[in-house]
Amino acid sequence: MHRLAALACASLLLAGRCPAQPAPLPADADPFFDLFRPARTELAALSPDGAHLAYTVREGSQLSVMVVATDRLDQALARVAVVDDEQATPRFGRRDEPVPAAITWLKWTDAERVVLATNAHVAVAGDRSVPGVIMTFRRDGSDARVLATPRDVAELVGAVEPAASLARDQAMLGPTPDNPNFGRDEAEPALDPFAPGGLFAGGDDAAAPGQNPALDPATLIEQRPLSPSIFDLDPVSANHVLVRTRSDQRIVLHRLDVTTGRLTQQAEYAIDPGRHWLTDRQGVPRISVPATTATDFPHRLALERGAGNRGPRDLATAIGLEAGAFDLTPETTFGHRAIALGFDERPEILYFASNLGRDTYGLYAADLTRGTLTDFAFEHPRLDLIGPPTGAFASGGTLVFDRHTRALRGVRFGDRPRTTRWLDPVLQAAQAQLEQALPQRNVELIDWDRDQRRVLAFVSGPTEPGRFLLFDRSTRQVAEFASRAPWLADGPPTRLLAFTVTGPDGTDLACQITLPVQPRVKPTPIVVVCPTSPWERLSPEFQAEVHALARMGFAVLQYAGRGAWGYGVRHRAALAPGYDDTQLADLLAILDEVGKAFHLDPRRVGLVGSGHGGYLALRALAAHPDRFRCAVALEPPVNLAAWLEREQWEGRDPALQLVRSAYGPAAQLEAHRLDRATGTLTKPSLILSYPGEDGTWRRSTYTAARNLASAVRVTQPESEFIALSHDFARGLPRAKAAVYRSIETFLNTHVYTFDVKIGEAVEAP
């Protein structure tokens, strides 16, 4: 067994028992790599009886699961090696840096057994591999084995007769907004996955398994390997989990016996590529929205028919709202609409967000069987309780269910930081106690036992990536048993200050600044991080990129200008046409206030941004060279109008037109093309772009950015261009660290701008 080292306990409510954890590896010499390296512990789960807990541990290239007793956190019961980086890395397209191994799902099915899913790849044909391996072991580490792989799923799916079930499910779903006649007297034929070009087509003469016993299952794997993912714990049996695979044509739901490894197909649903689906908690598609092209509006949510119903119904009218309340149009995206979130354990109960008749989004519930609203309601007078929904379904709200009773216990909102409104008084009390003991920290309850005596919590903050705590409610003891980044245990040498600035039109603008505790010079120079999108909301959570800039000695300023999401319709509507000019005006107003309120140097300001933020950084540098020393732009869209109109978006992303509507008229964007304003970029700029593959939109974006940099260097020779690597594009830590070392060199040269003479530092002109 691996040598264990005692981890220092946090004295929170009462003195807790010190936990056990593998001795941390020596920190990398590169401080940037320390910020970007994969987390040591990412997931943790409590057994149903509360007697044991399991959590992931990364050591070098190996990822394991540690099991400890909750009353003896200093003693490991088992440590099971699960996956390493070599197994997680695809066998095709390997680059210099391996993809970090990851455990994607971790739960106890009962008091004795742990089940998990990994991103390990399985070779399927030649150099092809597919991720998705499901494993299990007992709490003492015994009976550790693989339960299912993509090969197992492909062989199972290929051993049945899916064509009939596809026809059956299509008939059940009935007509759709895309196919109004489907399922009626002259129904279209069911999708045949074994037809040429179908899901399991093995050639012109190929037949379905069962029809042609000679068809090798390996052929099926080679044709279309599917990656299995654990959907949920089985609501009926503790010995089973629900496993789902999805292709472009169908969803297949399986039950996996965690004791025998037997995989049983439960259901199969036809998928129209022109529709997006929201499934219930049993995995059944229930609500659809057509999305055949980016310009096909409105996108109307349809409640698919069940037994006794003729066809799909408009979701709004089905629950007693105004017809079209769920419709998705450019006007409603940033205005007033309702958004489907998810289903209760009871499949007739749908939770949804709405700001109809309000300025901010609240959370509500409807009974689909009765067609009425329930008395369930969460509202906030000043803040939206969901994240920005650029599609038909919201992205920011999470329903928290009790795994033991299957009842809804709370709602986790997608604000920053993530907060939870608890319906259960016991969990609400636990939340309050931990928040009181850990001020200025975000506390997220992630698991609890059947009696709610022991509770797992994840605690994070602006200067720490996060820690895992065990809270015993009976003894009021709290103990830390794992950390995401123990090499940052003391926290980065920074502190975060949040404040509000009144914008030019009177709108309140949220701001935050990350200050180095020990700046290199005083007053401290400033680096502004431009928003990635006009509606980006500030996050006080740990951000590695921000701390990388702060470690360079800069005060890092972030802001949410007019149009930012989360503050209601009126705040978003304040983003006037000509949004980039609006955002620049907000930035200048904020800098004026920062210069007054903090001991910072408003004469030494650099700009950093990614995507739209990179575009905005270059625009600000060109428009106000007297206010900014330089700009760093990662993958900026040089021609924003062309970027929004790029061909590859068409037919794939129904949110594109919504995004276009927020950015404003294309003609106005055309006037602000950076490649037509190269003469105005008189201060140094560093442009970084990823080339991608030939013939892709990334290649054209890269070429435009490289050409812009070349044109700028004619009159501004201190400007630079860097081609980003494939590893950086994948977010791999060593590649990101190398890029930030280059950014540090550039900012040191052009923001600090000191000439060093013997015995003194003299400011350069």
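One residue is enough: does the range 190-211 have a residue meeting the conditions at pLDDT 85 or above, closer than 15 Å to ARG151 by Cα and crowded, with 16+ Cβ neighbours inside 10 Å? Scanning the range 190-211, I find no residue that is at pLDDT 85 or above, closer than 15 Å to ARG151 by Cα and crowded, with 16+ Cβ neighbours inside 10 Å, so the answer is no. Cβ separations smaller than 7 Å between residues 6+ apart or across chains give the following pairs from the range 624-641 residues that are over 18 Å from ALA585 (Cα atoms) to residues that are acidic (Asp, Glu): VAL638/ASP675; ASN639/ASP675; ALA641/GLU670. Scanning the range 337-344 for any residue that is over 17 Å from ALA392 (Cα atoms), more than 27 Å from the chain's Cα centre (by Cα), surrounded by 19 or more Cβ atoms within 10 Å (Cβ to Cβ) and at pLDDT 80 or above turns up nothing. GLY553: in a loop (DSSP other than H, G, I, E, B), closer than 23 Å to THR749 by Cβ and assigned by TED's automatic domain parsing to the domain that holds GLY664, yes or no? Yes; evaluated as a whole, the condition is true for this residue. Among the residues of the range 476-493, are any closer than 30 Å to LEU408 by Cβ, assigned by TED's automatic domain parsing to the domain that holds VAL68 and surrounded by fewer than 14 Cβ atoms within 10 Å (Cβ to Cβ)? Taking every residue of the range 476-493 in turn, at least one turns out to be closer than 30 Å to LEU408 by Cβ, assigned by TED's automatic domain parsing to the domain that holds VAL68 and surrounded by fewer than 14 Cβ atoms within 10 Å (Cβ to Cβ).
Do the conditions hold for LEU350, that is, is it in contact (Cβ under 8 Å) with a residue 60 or more places away in the chain and either surrounded by 20 or more Cβ atoms within 10 Å (Cβ to Cβ) or not assigned by TED's automatic domain parsing to the domain that holds GLY568 (or both)? Taking the combined requirement at face value, the residue satisfies it.
When LEU588 is tested against the conditions (1) more than 28 Å from HIS380 (Cβ to Cβ); (2) in a helix (DSSP H, G or I); (3) touching a strand residue (DSSP E or B) at 6+ places or on another chain (Cβ under 9 Å), the lone failure is (3). In the set GLN440, GLN452, GLN428, only one residue is closer than 29 Å to TYR364 by Cα, out of contact with any helix residue (DSSP H, G or I) (no Cβ under 9 Å at 6 or more places or on another chain) and not assigned by TED's automatic domain parsing to the domain that holds LEU383; that residue is GLN428. Listed by position, the strands (runs of 3 or more DSSP E) inside the range 316-431 whose residues that are under 30 Å from TRP108 (Cβ atoms) and aliphatic (A, V, I, L, M) number at least 1 are 338-343, 349-354, 362-367, 398-401, 408-413. Do we find that PRO417 is within 27 Å of THR329 (Cα to Cα), at pLDDT below 85 and surrounded by 15 or more Cβ atoms within 10 Å (Cβ to Cβ) in this structure? For PRO417, the condition - within 27 Å of THR329 (Cα to Cα), at pLDDT below 85 and surrounded by 15 or more Cβ atoms within 10 Å (Cβ to Cβ) - is not met.
Among the residues of the range 556-570, is any part of a helix (DSSP H, G or I) and among the β-branched types (Val, Ile, Thr)? Steps first, answer last, please.
We begin by selecting, within the range 556-570, every residue part of a helix (DSSP H, G or I); these are 569-570.
Within this subset, residues satisfying the condition of being among the β-branched types (Val, Ile, Thr) are 569.
Scanning the range 556-570, I find at least one residue that is part of a helix (DSSP H, G or I) and among the β-branched types (Val, Ile, Thr), so the answer is yes.
The values are calculated or read from the model by the stated rules, or taken from the named source; none is laboratory data. What you are looking at is a predicted structure, and each value in this text was computed from that prediction instead of being measured. FYI the Cβ positions are ideal-geometry reconstructions off the backbone, even for glycines, and counts take in every protein chain you see.
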